[in-house]
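Participant: Got a structure for you, written out below as structure tokens; questions coming shortly.
Nothing in this text is a laboratory measurement; each read-out follows from the coordinates by a stated rule. Note that the structure is predicted; figures quoted are calculated from it, not measured. Here Cβ is always computed from backbone atoms with ideal geometry, including for glycine, and neighbour counts include all displayed protein chains.
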């Protein structure tokens, strides 16, 4: 059985998953303050302040997981639920293993703006073209 605990580190809030008994504690996901602010703004602008941000894996490649996000007002019984700086986060059990260690950020710069998800646990393979290394069925796009 898993339980959620919160830990504040350097002004940021991260969610920890603690297994019972408490021998294995690992960081599930981290959300930067700028991402939390933007999610709160989107919830308020859309009139969905009762919703949560669902983070999920929509597919895999040799570069790692492809993450997706959606606003959701109905947590499932088996979801991991946490709160970051006033934003509720939902992660389904299948996605949790691929989300572990990821960081959600919001960037606004010359190259565009939007949410990014980075996960140091998944790195692109070295080699051919594209982000995948060119050694897979995707053809090294």
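Participant: Please order 115, 84 by the number of other Cβ within 10 Å, starting at the fewest. Show your work: numbers first, answer last.
Facilitator: On the way: 115 18, 84 22.
In increasing order of surrounding Cβ atoms, one gets 115, 84.
Participant: For the stretch 65-123, what's the radius of gyration and Dmax over Cα atoms, in angstrom?
Facilitator: My reading of the Cα-based Rg and Dmax gives 12.8, 41 Å.
Participant: Something else: P(r) for the stretch 28-78: what percent of alpha-carbon pairs falls in each 10 Å bin, starting at zero?
Facilitator: Bin by bin from 0 Å, the calculated values are 21, 46, 29, 4.
Participant: To the nearest 0.05, what FRET efficiency results for residue 76 and residue 100 with a Förster distance of 25 Å applied to their C-beta separation? Please list the in-between numbers first.
Facilitator: Working: r = 19 Å, r/R0 = 0.74.
The value I calculate is 0.85.
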